[in-house]
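Asker: Handing you this structure, nothing more for now.
The values are calculated or read from the model by the stated rules, or taken from the named source; none is laboratory data. What you are looking at is a predicted structure, and each value in this text was computed from that prediction instead of being measured. Because the Cβ atoms are built from the backbone with ideal geometry, glycine has one as well, and the counts that use them run over all protein chains shown. Side chains included, ligands, DNA and RNA excluded: accessible areas come from the protein's heavy atoms. Shrake-Rupley method; radii C 1.70, N 1.55, O 1.52, S 1.80 Å.
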Amino acid sequence: MSLPCTDITPFVDRRRRLLAQMHAAGGGIAVLSTAPQAERNHDAEYPYRHDSDFYYLTGFIEPEAWLVLVAGTTDRAILFCRAKNPEHEIWEGFRCGPDEAIARYAFDEAYAIDQLDTLLPALLLDQSVLYRPFAAAGSAQRKLRRWLAQAEQQGRGRRQPPAHIQDLRPVLAEMRVIKDASEIATMRQAARISAGAHARAMRAARPGLHEYQLEAELLYEFRRHGAQAPAYPSIVAAGANACVLHYAAGDTVLRDGDLVLIDAGCEYDSYASDITRTFPANGRFTGPQRALYDLTVAAQQAAVQATAPGRCWNDSHEAAVRVLAQGMLDEGLLQGSLDGVLDSGAHTQFYMHRTGHWLGLDVHDVGDYRQGAPSDAERPWRTLEAGMMLTIEPGIYVRAADDVPESFWNIGIRIEDDALVTAEGCELITRGVPVDAKEIEALMRE
Ligand code: GLY
Ligand code: MN
Ligand code: MN
């Protein structure tokens, strides 16, 4: 199925900006394909998901498509896509086809995918640099190598294929790390839908339900609001399962007195959201649960305060770790001084992951977390800028252990929101579902 983009302007603008960068580096050609389809088992395929870089430059979501950008005397944006095929379309649905692709997606030229082998080698001739994604699927790499060899032959020594090959991914990653207005609008919608899904799961929760039944509430809410899929496999973890960081929703029964951790977000029009909430199965936090929960809230607040333009990427993590480590000392989970804990890393027994990541077309989105030349061994953390989108997700995970007070055993808590860096600070776009313990308890009483 090919959905028309409502507004093609942002995609055209990104192609124009990429071409401008290629011109600034002396011109050249960029070639990239969308993602391959993957078989799940006999005669059944995984739901198709296009390549994020490809989508970023095209808005085109059909499989079997290639984009060629030529930064030359005249710039050219060329799409290769599946030809119209009435018989296939009876089985698999609409195919855009080259003619309509030009009209809908504003390419300069478009051809059927079966012309790729014929046309691509000639396009490579006389180009100084070839930009391609270095980590593309093996089949795409093999095709490019073949086209380069064919171009060499066609050139007969008088015309040459590109002498230099550059990785396209870091160039696109730098563009993708700052979101434009259309991306921010789409991500707000993804965030709204996911927040509603978390609120729905909280209202539905009660002892006796299975984790998969809460997962079903999330999926129902995602789809009924038009989200195409979960952005990643949903985590619905009851009791001790919450201490398994990448636990997938399973068949464990929610027990009275358990906490439930849900980490789930939808993908809406190709953009991810990523929310975690933790709440009591019976609607009331116990004392020890509440102590660690409020500690996590305080850690998240400290991280939010440290998320602003001009601050560096690691500031929010350091702020969250400081609050969590002090809380671990106050609650008797750790002994010693704050500086001693931070120096030794003792807190990583209970908080072993980082406080956030970039968010965008991919849930763990592309973009460097450090700045400076890749050759610098000690590259400094990157400075935050308005338009960046990231998660803020501190947590605390206490497994049963002899050296840990029993009242905290099997408590796993994470609170995760999606933050847009603004001119003044950051805006949490996922607060359509509460974080405050009392507000959660009130919501669960509804
Ligand atoms: N849901 C994956 C993450 O929070 O990073
Ligand atoms: Mn996350
Ligand atoms: Mn998450």
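Asker: I'd like the residue in the range 5-49 that is assigned to a loop (DSSP other than H, G, I, E, B) and acidic (D, E) and, out of all such residues, is surrounded by the fewest Cβ atoms within 10 Å (Cβ to Cβ). Step through it out loud before you land on a result.
Answerer: Narrowing the range 5-49 to residues assigned to a loop (DSSP other than H, G, I, E, B): 5-8, 25-27, 34-38, 42-43, 46-49.
If we keep only those that are acidic (D, E) as well, we get 7, 43.
Details: D7: 10, D43: 6.
This residue is D43.
Asker: Could we say that A195 is modelled with pLDDT of 95 or more and open to solvent by less than 40 Å² (accessible area, probe 1.4 Å) here?
Answerer: Values: modelled with pLDDT of 95 or more: yes; open to solvent by less than 40 Å² (accessible area, probe 1.4 Å): yes.
Answer is yes for this residue.
Asker: Note down all Cβ pairs under 7 Å where the first residue falls in the range 168-182 and is open to solvent by 60 Å² or more (accessible area, probe 1.4 Å), the second is modelled with pLDDT under 95 and hydrophobic (A, V, I, L, M, F, W, C), and they're at least six residues apart or on different chains.
Answerer: From residues that are open to solvent by 60 Å² or more (accessible area, probe 1.4 Å), the pairs are R169/F134; R169/A135.
Asker: Would you check if there is a residue in the range 403-412 being under 25 Å from V177 (Cα atoms) and of a type in the set (S, T, N, Q)?
Answerer: Of the range 403-412, the ones under 25 Å from V177 (Cα atoms) are none.
Within the range 403-412 (the criterion being under 25 Å from V177 (Cα atoms) and of a type in the set (S, T, N, Q)), the answer is no, since none of the residues qualifies.
Asker: If I filter the range 313-321 for residues that are more than 16 Å from ligand 2 (Cβ to nearest atom), open to solvent by 30 Å² or more (accessible area, probe 1.4 Å), part of a helix (DSSP H, G or I) and modelled with pLDDT of 95 or more, do I get at least one hit? Break it down into steps so the answer makes sense when it comes.
Answerer: First pass over the range 313-321, keeping only residues more than 16 Å from ligand 2 (Cβ to nearest atom): 314-315, 318-319, 321.
Still in the running and open to solvent by 30 Å² or more (accessible area, probe 1.4 Å): 315, 318.
With part of a helix (DSSP H, G or I) added as a condition, the list becomes 315, 318.
Going one step further and asking which of them are modelled with pLDDT of 95 or more, we end up with 315, 318.
Within the range 313-321 (the criterion being more than 16 Å from ligand 2 (Cβ to nearest atom), open to solvent by 30 Å² or more (accessible area, probe 1.4 Å), part of a helix (DSSP H, G or I) and modelled with pLDDT of 95 or more), the answer is yes, since at least one residue qualifies.
Asker: While we're here: Would you say D117 is open to solvent by less than 80 Å² (accessible area, probe 1.4 Å) and either closer than 20 Å to L18 by Cα or not charged (D, E, K, R) (or both)?
Answerer: Values: open to solvent by less than 80 Å² (accessible area, probe 1.4 Å): yes; either closer than 20 Å to L18 by Cα or not charged (D, E, K, R) (or both): no.
Criteria not met by D117.
Asker: If you don't mind, there's one more thing I want to ask. Can you tell me which residue is farthest from F54 (Cα to Cα) among those in the range 74-113 that are without any contact (Cβ under 8 Å) to a residue 60 or more places away in the chain and in contact with a His (Cβ under 9 Å, 6 or more places away or on another chain)?
Answerer: D75
Asker: Starting from residues that are among the charged types (D, E, K, R) and crowded, with 20+ Cβ neighbours inside 10 Å, keep the ones in the range 265-295 and report whichever is nearest to ligand 1 (Cβ to nearest atom).
Answerer: Here is the first cut: in the range 265-295, the ones among the charged types (D, E, K, R) are 267, 269, 274, 277, 284, 290, 294.
Remaining after also requiring crowded, with 20+ Cβ neighbours inside 10 Å: 267, 269, 274, 277.
Values: E267: 12, D269: 19, D274: 5, R277: 12 Å.
Only one residue fits best here, namely D274.
Asker: Go through the residues of the range 233-255 one by one and say whether even a single one is under 12 Å from the mean Cα position of the chain (by Cα) and either more than 15 Å from ligand 3 (Cβ to nearest atom) or open to solvent by less than 30 Å² (accessible area, probe 1.4 Å) (or both).
Answerer: no
Asker: Can I ask one more? Test each condition in (1) within 29 Å of R370 (Cβ to Cβ); (2) touching a helix residue (DSSP H, G or I) at 6+ places or on another chain (Cβ under 9 Å) for P309 and report the one that comes out false.
Answerer: Every listed condition holds for P309 apart from (2).
Asker: Could you please find all residues in the range 382-419 being under 24 Å from I429 (Cα atoms), away from ligand 3 (no atom under 16 Å from the Cβ) and either under 19 Å from the mean Cα position of the chain (by Cα) or not β-branched (V, I, T) (or both)?
Answerer: Across the range 382-419, the qualifying residues are R382, L384, E385, A386, G387, M388.
Asker: For the range 332-360, enumerate the residues that are farther than 19 Å from D417 by Cβ and within 16 Å of ligand 1 (Cβ to nearest atom).
Answerer: Across the range 332-360, the qualifying residue is only M352.
Asker: Follow-up question, since we're still on this one. Just checking, how many residues over the range 312-340 are of a type in the set (S, T, N, Q), out of contact with any helix residue (DSSP H, G or I) (no Cβ under 9 Å at 6 or more places or on another chain) and without any contact (Cβ under 8 Å) to a residue 24 or more places away in the chain?
Answerer: Of all residues in the range 312-340, those of a type in the set (S, T, N, Q) come to 314, 316, 326, 335, 337.
Narrowing further to those that are out of contact with any helix residue (DSSP H, G or I) (no Cβ under 9 Å at 6 or more places or on another chain): 314.
Next, only the ones that are without any contact (Cβ under 8 Å) to a residue 24 or more places away in the chain stay: none.
The number of residues fulfilling the criteria is 0.
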